[in-house]
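Take a look at this one; I'll ask things after.
The values are calculated or read from the model by the stated rules, or taken from the named source; none is laboratory data. Being a predicted model, the structure only gives us computed values, none of them experimental. Cβ coordinates were reconstructed from backbone atoms using ideal geometry, including for glycine residues, and neighbour counts include every protein chain displayed. Ligands, DNA and RNA are excluded from the accessible area calculation, which covers all protein heavy atoms including side chains. Shrake-Rupley method; radii C 1.70, N 1.55, O 1.52, S 1.80 Å.
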Amino acid sequence: CQETFGEQKIPEDLSEKCLGTFSKTETMKSSLQDNIAKILDEIGVPYESEATMETGYSIDFLVTTKNGTNVALEADGPRHFLGETKISNGSTRMKHRQVRKLDGIKVVSVPYWEWNSIRIDNNNTMFQRAYLEELLELPLK
């Protein structure tokens, strides 16, 4: 897609260079992501971890449903929220919106406080499994 700045088109080589730089941004894997990956593995959900989208965004998990639809599953830890609130910060909202609109895929979020509440209440993974199955609208392939 050709990017524009107002009425002017950004030269394609500059646009590609910007995308390349944006895409090289290092990502840090969190314990929340590790826990979610363990449960996705347990229930046999096919996914790609740290998938890079066409927009250059890195998605925590790119999950493929049974009908072949991709879903972006984001493990949203405390840095994705405003202070100690449950309100997503601007960069998280922008990322989710752009992936949804520009990459054309559904984005679902696992907020850390929800995940922690089902981990604290039960050592059994049954509740984490049920949580992800409902969130992702399983069955998957």
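Can we say Glu48 is out of contact with any His (no Cβ under 8 Å at 6 or more places or on another chain) and at pLDDT below 65?
Against the criterion (out of contact with any His (no Cβ under 8 Å at 6 or more places or on another chain) and at pLDDT below 65), Glu48 does not qualify.
Looking only at the stretch 52-76, count how many residues are open to solvent by 40 Å² or more (accessible area, probe 1.4 Å) and under 20 Å from Thr92 (Cβ atoms).
Within the stretch 52-76, residues that are open to solvent by 40 Å² or more (accessible area, probe 1.4 Å) and under 20 Å from Thr92 (Cβ atoms) number 3.
Considering only the stretch 42-51, how many residues are surrounded by 15 or more Cβ atoms within 10 Å (Cβ to Cβ) and in contact (Cβ under 8 Å) with a residue 24 or more places away in the chain?
Residues flagged as surrounded by 15 or more Cβ atoms within 10 Å (Cβ to Cβ) and in contact (Cβ under 8 Å) with a residue 24 or more places away in the chain within the stretch 42-51 amount to 3.
Does Arg79 count as more than 19 Å from Gln33 (Cα to Cα) and surrounded by fewer than 17 Cβ atoms within 10 Å (Cβ to Cβ)?
So Arg79 does not fit the description; no.
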